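Reading through the structure tokens given below for one structure.
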Amino acid sequence: MKKIFFLMIALVAVLFAGTLKAQTMHGIIVANIDDPSIGESCLKDSYTMEVEMMAIAAACGYEANVVTISGDDYSYSNVEKAVQRLKVGSNDMVFFYYTGHGGRAVDDKSRYPQMALGHTDREMMPLYKVDEKIASKSPKFRIVMADCCNSFVAGMSAKDLMLSEETRIKGSAEKNYKSLFGSVSGNVLVCSSSVGEPSAALTEGGAFTLSFLKELSSMVNGNTQPDWNRLMESTKSRTTRVGKHTPLYEVNVRNSSSPAPSYNGGGTVAPTTNNGDDFLAALMQLTSQNSNKMDRINRVDPLLARYFASPRARVEVYGRSFNTMVSRETSADFLARVATSTSLASFVVLSAEKDSNGKITYLKLHEIYKQN
Amino acid sequence: MKKYLLLLFIAFAGTFAVQAQESDNLSEPEIEELRERTIQLITDFQGYLTEIGNKSNSESMKDYYIKSALHLFMGNGDSYYIDGRYHDPVIMEVSSLRNGITTVRPKPMKQYLQNLKRLRYTSVRIEKAETVRISNIYKVGDHYEGTAIFFQYFEGKQGERTVYRDKTKKAVKIYVVREDDDWGTHWNVKFGDIKVEETTAG
Amino acid sequence: MNRFSTYLLVLALFFAGLGTSLAQSINQVFNEEILQHRVEMLDIFFERFNLEKDIEGNKFEGYYDPGLHRSYLLSLFDRNYLLDTLDANHQEEIQTFVMSFLDAVVASGKPVTLAYADSTWCAQVLCRCTYDKKECDVTLFLKPELVKPGEFKWVIFDAEADFLHLTPDTLSVRGISPVEHEMKFLGLKEISNAHNKKSVTAYADKAYRVNPLTVFFTMIYDNKLTFNHVLNVQYHFFTVPGYHFTVQFLERPGYNAGWLITDLQKL
């Protein structure tokens, strides 16, 4: 009798484990930042998309697990491994984003391009293959997006695409983010240009990426019901107007039955983020509204000692355009502020310099705030 | 030759003067991003007030929040200089509405925060509106100034009984000033005096 | 339905189209919709007048929409002023007047915009002061002045109060005798005696006009007049050709509050 009782407890625990585990937004950003012609544009894209992914996770109450593959890590095998190693729960979301060169073979059957992850033909990875691979892991919702540039378009003004604000999630926007990302299942597959077209890379970022982010911002901050088809259509119109190329997309999205979790006042980050660096996870824990307030304050000194070379290490916060420094403070003041903030939702580390002990001497980041 | 050198010197001096002046000015995109930063800091400040007034927080925790709050203000709550001119410590205007009459009193920010910490209610509730309005930022001498408006709800209870509640609209002076630190000079957003614009029954 | 009524209907919908949101916010302490609609800052008045930003503070993008611009302009009027204009006797005339103002702003292709740096607006500030140990009111007029490129300041360009005109107390002052030139103008000492000093300006030539602003500054300088506080502020705009409108702050519940146009005149 006792055995049956304990077996039942175990069974119930197993059944509920899936629903109790926090939903995760798995993000993979692949950016060809070292390319001499488009590298600067891709770097901007990688930053802006990382910010957006963190904002989506924060607004939807997901854990964020965002990995960026760029610079020395930029390779076919690393992208392949990142996709293969995804551990995706049935309620999780996956957002794969690529910015770099792309192309297609004459006999390519898919409308979608191949991503140039190296200099040889064997290092070209078809976008649809990535979509298939991610689909095989059965996430609740997946987005596979590519902004493939094979030419730099000079002299184009992107003033109407400038993302010059801080990232601030208003109360109304949180609801709309959830409608678009949290309460849906299915997939979106999109690339920046149609068969045979190049894509425009501007100094501020890819024309398609900037258009998508601009339209997404309008939609989440607007009053009409968010909708993926409308979002993709408006992105397509804007990209066509600004970049002179036409995105391709497929939207297979439906409302899911499991509601998006409520925002808990501070997103969390799964342990492996930014290529295994747990600093961001520690930072997210410091800002988490779920944690006891005194615990957050007490964590400041240990974090300072663990991650920073000194309490006077330099920390700079940049705005959404990543050009304007909006704050500069010592690491001690920075952590104290983060530990007491009631509205910081997430961070994106733009760069960090470390000493020979691996401790941060200089940190450059962007902050995402939640306004309610 | 001397005249030529003198002219050349004047030409270069003019160039450097212009360049120095240019680096003293913020561009429009920079101003826009600093305005957004201001809204974030106001949101933080309102959060600090909620925690300082929260009766369930310990004294030491409240002191931590007070320190964070003062850090947002010119002079960290002490007297300060702007454009070479002396200013008294930043003040917070406090209002109370009784029998339809509003009384407004200015208090130095440090004193205000200490008073907030020690309010004689059994529970205090401070809520903020999501809406924050910020004016343009205007150049004044060697710095920039603006104003922001935010809204606050205050409720004080003794046990279950609400003793006092009101809603206030407050205006805060914004300064964007150049600050020196270990790595040079940078622009920073700081707050000045906070004025009560309107008080209504809660 | 004529054009004015159409726009009033749009205006009503503009404010009322928030029914569902209003219901949602009923349980919250603040009604964010109302707070966003209110024109809390003069800069916001400018932004909406110029159709630069919407109610939520987002920049307008895309093509210029004159119809939307007219709606925003109407929303910047004090509704009581608009309703008063619906006095049955003058209804059509007033409607035409307001519509012609909207048309003048939205002038086809190139709308009239307000800018801080314009010389076509000024502030009228009613101040409570103390003069001669008694409280009194002084109206100051201010305008923005360029200090150097990109930098402005407000400057006082006029002042108004009865006592600033130094109006002679009595008209019975005869002035300085025509023979004083033989007395080496000994009689000048009379002008500052207790009986005559309040009529000192009667000793000036007939073309002389007192400058109230100079009197105001002199009294402040001599510590005879102290400024206490501001009672009221309003702004006058002459930017739209042929029109003068006044903007005041209306503190009241509801959407139609804040800095609003309370009067409109044809020039």
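The values are calculated or read from the model by the stated rules, or taken from the named source; none is laboratory data. Computed from a prediction, not measured in an experiment: that's the story for all the values here. Reconstructed Cβ throughout: ideal geometry from the backbone, glycine too, with neighbour counts over all protein chains shown.
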- Query: Does any residue of region B:103-122 turn out to be touching a residue at least 12 places away in the same chain (Cβ under 8 Å), within 10 Å of chain C (Cβ to nearest Cβ) and not in a loop (DSSP other than H, G, I, E, B)?
  - Reply: no
- Note on the structure: residue B:122 fails exactly one of (1) out of contact with any helix residue (DSSP H, G or I) (no Cβ under 8 Å at 6 or more places or on another chain); (2) more than 25 Å from residue B:67 (Cα to Cα), namely (2)
- Output for Cβ contacts, cut-off 6 Å, separation at least six or different chains, first residue more than 15 Å from residue B:27 (Cβ to Cβ) and facing chain B (nearest Cβ under 8 Å) in region A:309-325, second of a type in the set (Val, Ile, Thr) and surrounded by fewer than 21 Cβ atoms within 10 Å (Cβ to Cβ), reads A:312/A:330
- Message: Suppose we filter B:93, B:145, B:155, B:130 for residues that are acidic (Asp, Glu), buried (at least 16 other Cβ atoms within 10 Å of the Cβ), touching a Lys or Arg at 6+ places or on another chain (Cβ under 8 Å) and not in a strand (DSSP E or B); which single one remains?
- Response: B:130
- Pairs, please: C-beta under 7 Å, at least 6 apart or cross-chain, first residue more than 8 Å from chain B (Cβ to nearest Cβ) and in region A:327-344, second small (Gly, Ala, Ser)? A:331/A:313
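Looking at residue C:132, is it in contact (Cβ under 8 Å) with a residue 24 or more places away in the chain, away from chain A (no Cβ under 14 Å), acidic (Asp, Glu) and more than 30 Å from residue A:222 (Cα to Cα)? Talk me through it step by step, then tell me what you get.
Details: in contact (Cβ under 8 Å) with a residue 24 or more places away in the chain: yes; away from chain A (no Cβ under 14 Å): yes; acidic (Asp, Glu): yes; more than 30 Å from residue A:222 (Cα to Cα): yes.
Taking the combined requirement at face value, the residue satisfies it.
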- Quickly run through region C:152-191 and pick out the residues that are under 39 Å from the mean Cα position of the chain (by Cα), among the hydroxyl-bearing types (Ser, Thr, Tyr) and at pLDDT 85 or above. C:167
- Task: Taking the options B:161, B:133, name whichever one is more than 10 Å from chain C (Cβ to nearest Cβ), of a type in the set (D, E, K, R) and closer than 21 Å to residue C:29 by Cα.
- Result: B:161
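Residue-by-condition table, conditions (1) of a type outside the set (S, T, N, Q); (2) within 13 Å of another protein chain (Cβ to nearest Cβ); (3) touching a residue at least 24 places away in the same chain (Cβ under 8 Å):
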position	(1), (2), (3)
C:28	no, yes, no
C:38	yes, yes, yes
C:42	yes, yes, yes
C:50	no, yes, yes
C:53	yes, yes, no
C:57	yes, yes, no
C:62	yes, yes, no
C:69	yes, no, yes
- Message: Would you confirm whether or not region B:170-186 contains a residue that is modelled with pLDDT of 95 or more, at the interface with chain C (Cβ under 10 Å from one of its Cβ atoms), at negative phi and in a strand (DSSP E or B)?
- Response: yes
- Across region B:46-76, what is the total count of residues that are over 15 Å from residue B:153 (Cα atoms) and in a helix (DSSP H, G or I)? 15
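So for region A:311-319 (the condition being surrounded by fewer than 20 Cβ atoms within 10 Å (Cβ to Cβ), over 22 Å from residue B:40 (Cα atoms) and in contact with a helix residue (DSSP H, G or I) (Cβ under 9 Å, 6 or more places away or on another chain)), does at least one residue qualify?
To start, the set of residues in region A:311-319 that are surrounded by fewer than 20 Cβ atoms within 10 Å (Cβ to Cβ) comprises A:311-312, A:316.
Filter once more, keeping what is over 22 Å from residue B:40 (Cα atoms): A:311-312.
The next check asks that each one be in contact with a helix residue (DSSP H, G or I) (Cβ under 9 Å, 6 or more places away or on another chain); those that pass are A:311-312.
Yes: one or more hits.
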- Message: Every residue in region A:191-249 that is under 20 Å from residue A:50 (Cβ atoms), among the β-branched types (Val, Ile, Thr) and crowded, with 23+ Cβ neighbours inside 10 Å, please.
- Response: A:209, A:220, A:235
- Message: Can you pull out every residue in region C:236-257 that is farther than 21 Å from residue C:143 by Cβ, of a type in the set (A, V, I, L, M, F, W, C) and more than 14 Å from the chain's Cα centre (by Cα)?
- Response: C:257
